[in-house]
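Step one of this worksheet: look at the structure below.
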Amino acid sequence: MDLSTSTAQPQTHPFAAPLIRRWQSISRLHRGLILLVTLRLVIVLLIMLNVLVMPPQMRRGWYLHHGGDQEIMFRLAHSLVDGHPTREVIGLGQPMVMALFIWLTGAQDYFGIVVPLVLINGFVLGGLSVVVLGLLTKHTTKDETTALWAAAIWAVAPLLVYLIFHSSWRWQGFYVPKIGWLNGLSDPPAAFFALLSVAILAGLLDAPMAPSRHQWMALGLSLGAAVVFRVHLLFIVVFLVGYCLVVYGPKVLLWIGIGGLLAYLPQAIYNLVVFQTPFTTGYLSAAASSDTTVSEVLTTLPFHPKHLLDLWALQIAPHPVVIIGLLVISAAVVMSTVSLWKRRGWKEAALLVGAPLSYLLPMLTAWPVVLDPIRFSLPAIPFLIAVVAYSVARLRQML
């Protein structure tokens with residue numbers, strides 16, 4: 001008997017065959033990113049369901065520790081629904097999201113809308129951030145393996161933080177929701193739109209045609225949204241607008257500005273109603289009165305070099321492992337800057353390394369960072385993960 005003719009061939013189900021062909025037609029990078037998004041969603045779901053057991057002192061059922069700002073945001077959101085906006089120090093971005101769900105559900109407290117907020121931040125934006133970081137890293141480093149490693153580390157970051165702080169219930173309950181974006185605060189959307197803005201510009205590096213005005217308006221919308229959610233993202237916005245001015249010329253600023261103003265319009269209307277000026281923030285205007293001078297308002301800013309010493313004394317010096325980590329990150333920043341500039345160009349280095357530093361360096365002089373360095377470093381963390389991944393890849397090639 002001829003065994004070669006009698007060997008049974010595996011049969012593919014008619015329904016599965018098109019799916020398999022479709023999956024095989026997707027590039028290696030995109031297949032990897034889809035799997036990593038799935039992995040992140042599984043990890044955060046296990047955390048929310050307490051399969052990965054979280055300290056009971058830091059959770060209420062599936063609801064994890066948030067921090068307190070959500071009550072201010074809910075108060076503003078409720079006042080927007082009532083038509084009588086209150087005078088608050090926070091940006092309007094997250095309260096507008098809350099207001100939508102308050103209007104739909106009639107919720108009278110934060111717990112009545114916390115479910116959709118966590119689903120948006122932790123699952124939708126959290127999952128999309130894995131893809132955005134992977135594409136950003138690919139366009140700047142031109143290395144798919146580095147892009148997948150960066151996306152993978154960011155995807156499992158909630159699990160890594162969970163394991164690192166497993167022996168400390170307080171810090172585990174404090175930092176896992178922040179890194180996993182498992183809260184209803186404004187930090188995750190602000191960090192996402194900052195990441196998306198840089199990814200849009202990184203994608204233009206490989207574009208065969210000149211960017212269209214619609215692309216510039218999309219960039220402006222993303223930048224404006226970042227500021228409306230968290231005003232201190234203005235640092236990275238200014239940096240990226242300056243980058244566009246140098247690389248593409250002043251003409252593109254018109255379309256970026258139109259997109260940014262469209263995103264900022266609700267905040268401008270709120271500011272006019274409450275503070276009588278469109279371009280301000282509650283952090284500057286909350287304590288201001290009609291006879292307050294500009295110099296007096298500026299004294300309310302939280303930035304001062306002395307806060308660097310406080311940050312060192314309270315958060316860095318007592319923890320040798322933090323010092324080692326900062327030295328590793330600093331070395332990776334220097335190495336990535338030099339390597340990217342030499343191998344790819346200054347534009348790639350500016351986007352991957354310069355963008356997060358434009359935010360992080362001034363924020364290190366702000367007193368809120370002393371109290372919660374992880375939360376206020378959040379917009380820079382995905383970038384720094386990519387920087388470290390690229391540096392490790394270059395070290396391996398060198399060695």
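The values are calculated or read from the model by the stated rules, or taken from the named source; none is laboratory data. Remember, it's a predicted structure, so these values are computed and weren't measured experimentally. All Cβ positions, glycine included, derive from the backbone under ideal geometry; neighbour counts span all protein chains shown.
Which one is modelled with the highest pLDDT among residues in the stretch 194-250 that are over 24 Å from Ala366 (Cβ atoms) and of a type in the set (D, E, K, R)? Checked the stretch 194-250; the qualifying residue modelled with the highest pLDDT is Arg213. Just so you know, in the stretch 109-135 the residues that are out of contact with any helix residue (DSSP H, G or I) (no Cβ under 7 Å at 6 or more places or on another chain) and free of Cβ contacts under 8 Å to residues at least 12 places away in the same chain include one that is nearest to Tyr63 (Cα to Cα), and it is Val115. For Leu314, indicate whether it is closer than 23 Å to Leu384 by Cα, out of contact with any His (no Cβ under 6 Å at 6 or more places or on another chain) and surrounded by fewer than 12 Cβ atoms within 10 Å (Cβ to Cβ). Here the answer is no, as Leu314 does not meet what is asked.
Every condition in (1) assigned to a loop (DSSP other than H, G, I, E, B); (2) buried (at least 21 other Cβ atoms within 10 Å of the Cβ); (3) among the β-branched types (Val, Ile, Thr) holds for Val53 except the one numbered (2). The requirement of being in contact with a strand residue (DSSP E or B) (Cβ under 7 Å, 6 or more places away or on another chain), within 24 Å of Ile120 (Cβ to Cβ) and in contact (Cβ under 8 Å) with a residue 12 or more places away in the chain is satisfied by Pro177.
From the residues in the stretch 317-361 that are in contact with a helix residue (DSSP H, G or I) (Cβ under 8 Å, 6 or more places away or on another chain), more than 24 Å from Thr140 (Cα to Cα) and part of a helix (DSSP H, G or I), which one is modelled with the lowest pLDDT? Within the stretch 317-361, the match that is modelled with the lowest pLDDT is Val322.
Could you tell me whether the stretch 142-154 includes any residue that is without any contact (Cβ under 8 Å) to a residue 12 or more places away in the chain, polar (S, T, N, Q) and surrounded by fewer than 17 Cβ atoms within 10 Å (Cβ to Cβ)? So far as the stretch 142-154 goes, no, none of its residues is without any contact (Cβ under 8 Å) to a residue 12 or more places away in the chain, polar (S, T, N, Q) and surrounded by fewer than 17 Cβ atoms within 10 Å (Cβ to Cβ). A residue that is buried (at least 23 other Cβ atoms within 10 Å of the Cβ) and among the charged types (D, E, K, R) occurs nowhere in the stretch 68-79. Within the stretch 87-134, the set of residues being closer than 27 Å to Val273 by Cβ, β-branched (Val, Ile, Thr) and exposed (fewer than 15 other Cβ atoms within 10 Å of the Cβ) comprises just one member, Thr105. Between a residue in the stretch 224-243 that is more than 17 Å from Pro266 (Cβ to Cβ) and any residue that is acidic (Asp, Glu), which pairs come within a Cβ distance under 9 Å, given they are 6 or more apart or on different chains? Pairs found: none.
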